[in-house]
Amino acid sequence: MSWFLFIILAVFTLGGGLGVVITRNVVHAALFLLVSLVAVAGVYLILFAEFLALVQVLIYGGAIIIVLLFAIMLTRTAEYPYISDNRQWPLAAIAAAGVGVVLGAAFWINGVSQSTPNSPTFSELSNSLFTRWAIPFEVASLVLLVALIGAIIIARAGEDSR
Amino acid sequence: MPPVGWYQIFWMVVGLLAMFTALATVVLSLVWLERKTLGRLQLRLGPTRTGPMGLLQPVADAVKLILKEDIIPDSSDKAIFWVAPVIVVVSAFMIWVTIPGSEGLVLRNLELGLFYITAFAVLGILGLVLAGWGSANKYGVLGGLRSAAQLISYEIPVIMVVVSVGMLAQSLDLRVIVANQAQIPYALILPLGLVVFFIAGLAEVGRTPFDIYHAESEVVGGPFVEYSGAHWSVFFLAEYINTFAIAALVALLFLGGWSWPWQSAALSWLPALPPVAWLGPLLSVIWFLIKVYAVILVVFWIRGTFPRLRIDQLMAFAWKVMVPLSFYSIVITALYLFYDWPAWTLTLMSLAGLAVVGYLVYRRMMAPVRRVAEVKARQAAQLAERRAAREAAARQGSR
């Protein structure tokens, strides 16, 4: 049962990812990304990580895709509905191949461990997040904050020069 | 995952069908109630012709909507135009999987129920944005942008208040949250949470003071501008289901859900009468529905009395009032829990926060009035001065 579900979800994940790259319409690409991300949430569900699955739906499926669409709609996509061809695809291919090699090597060296899935309760998860992993957690949020402020500064800088 | 047999799948399907039917009935009742309430508020009668007291009016409305021609604009993005209503209505129904109607009346109780609800409520926003974009209409796009901005902003206070309620109950399981309110409802312990959740919830479902993204006089229906017939009625259905969901959540999180006053005393003699053992659960469902419909009536009352906000006022209200207030509620809840203070301190702290912010909002709202009064006073002073000068000149001339 779980293998069957995994294969379905994997097809959706990879198909969505492929759709993001192949489709010529930016908004369709965002939708394919949504399919892929929600399918990943399903994979988490198979692994008994309900909280992670819900976070995936809330953050990626909801917020990130909505912000992406918001940005797309603020640009002039109605006039230019197609992605312009640029010369970056070899770079992208090299980056993707590199990530693939690293992931493959990691699996090759470590092997896929047959650990029994256990689902930590919500309180266990939050306890470990805010005690043992508190500093990485805070650093991650700090990185996001820095990115946010940086984006505002970059946007405002263009405004001042005018 | 526990082994899933055909038996469970069969019962899941039956449960889902029962849920759809119940929600459709609820939507019909809400449409009737809204038309009647608004009518009474505006000194009208509301529907009276179709059936007794106009009770068949929502049925007539539904039949009319479905029989209407379903127009799909030529230049629209067909796939997105079709997918958007599906996303909206699926997320609206998905929420109800875990909202309990009473202790046993729930399709699938989840340990992370509240979190699940917030996660799937966000997916609904996506449908609105896509609907606006896919219909290839500038009012649609404007409405879509507005809905994205508004709903994402008001999502934050909703989630933060949910977090503070979860902290109070030490659980995100809705049944546990209700069980914790058997003695005192959280509305009395954390009134701030109730106010913030209710206002932000109204904004989340786009009810009247916050219906900027589908305001008829500004963006002609916003994301729904190109939708008609059955497609439009799907959005309509989702809006009413979401309104009902927000009311149900207010009742569950703050008004004590299905627990009624002196419940323990009542329960102690109820099972003593053997033939009415099912009376307890039935009473709790009825009590829950009474609470939910009371909240719904407040929602309709607000719709009948409040004018619509402007978009910049709306966003300023979200980020300058609602978000800080919701963070304040988390901080005071944490203080209360950490130092183990008595419950009335939390009530006091949240009331103090509400009073301060309410006064500030009132001052801000009254600013134009004050300015007009200032200008008028200055004009009056100038006038008096000029008259005095003229009189003085006249006196000098006559001398």
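Read-outs: derived from the displayed coordinates by stated rules, not from any lab. Predicted model only: the values in this text are computed from it and were never measured. Neighbour counts run over all protein chains shown; Cβ positions are idealised from the backbone, glycine included.
If you wrap the range B:1-67 in the convex hull of its Cα atoms and look at it from every side, the mean projected area works out to 7.2 nm². Within the range B:88-229, the percentage of alpha carbon pairs spaced more than 21 angstrom apart rounds to 49%. Taking B:Phe317, B:Phe244, B:Phe235 in turn, the Gaussian network model of chain B (Cα-Cα springs below 10 Å) assigns the largest fluctuation to B:Phe317. For the protein assembly as shown, a simple Cβ point-charge model (Lys and Arg +1, Asp and Glu -1, everything else neutral) yields a dipole of about 2360 debye relative to the Cα centre. Put simply, the range A:1-83 fits an ellipsoid with semi-axes of 28, 15, 5 Å; these come from the alpha carbon gyration tensor as the roots of five times its eigenvalues, largest first.
Seen against the Cα atoms of chain B and their longest principal axis, helix B:78-95 is set at about 70 degrees. Most tightly packed first, judged by the mean number of other beta-carbon atoms within 10 Å of their residues, the peptides B:216-229, A:14-27, B:24-37 read B:216-229, B:24-37, A:14-27. Within the straight-line cut-off of under 15 Å between alpha carbons, the aspartates and glutamates reachable from B:Lys78 are B:Asp70, B:Glu226, sequence neighbours fewer than 8 places apart in one chain being disregarded.
For B:Lys36, a cut-off of 21 angstrom between C-alpha atoms picks up these lysines, skipping any fewer than 8 places away in its own chain: B:Lys64, B:Lys291. Remark: mean inter-chain Cβ contacts per residue of A:65-72 equal 5, using a 10 Å Cβ-Cβ cutoff to other protein chain atoms.
Computed over the protein assembly as shown, the P(r) tail beyond 44 angstrom holds 26 percent of alpha carbon pairs.
Packing, taken as the mean count of other beta carbons within 10 Å per residue, orders the peptides B:362-370, B:172-180 from highest to lowest as B:172-180, B:362-370.
By the Cα gyration tensor, the range B:4-110 has an equivalent ellipsoid whose semi-axes, rounded to whole angstrom, run 31, 24, 13 from largest to smallest. Let me know the whole percent of all Cα-Cα pairs from chain B that are separated by more than 32 Å. Counting pairs separated by more than 32 Å, the tail of P(r) holds 45 percent. Derived scalar couplings between HN and Hα for the range A:8-16 equal 4, 5, 5, 4, 5, 4, 5, x, x Hz in order, rounded to whole Hz, by the Karplus curve 6.51 cos²θ - 1.76 cosθ + 1.60 (θ = phi - 60°), x for Gly and Pro.
Here the relative contact order of chain B, from alpha carbon pairs under 8 Å that lie six or more residues apart, stands at 19 percent. Peptide A:45-54 shows a mean partner chain C-beta count of 3 within 10 Å per residue C-beta. For the Cα atoms of chain B, what angle does the longest principal axis make with the long axis of helix B:323-339, in degrees from 0 to 90, nearest 10? With rounding to tens, the tilt is 60 degrees.
Axis angle, to the nearest 10 degrees, between helix B:191-204 and the longest C-alpha principal axis of chain B: 90 degrees. Only helices enter the 222 nm calculation for chain B: every DSSP H run of n ≥ 4 contributes -39,500 (n - 2.57), and dividing by all residues gives -24500 deg cm²/dmol, rounded to 500.
Here chain B is treated with +1 on each Lys and Arg Cβ and -1 on each Asp and Glu Cβ, and its dipole about the Cα centre works out to around 2080 debye. The mean number of Cβ atoms from other chains found within 10 Å of a Cβ in peptide B:130-137 is 2, as a whole number.
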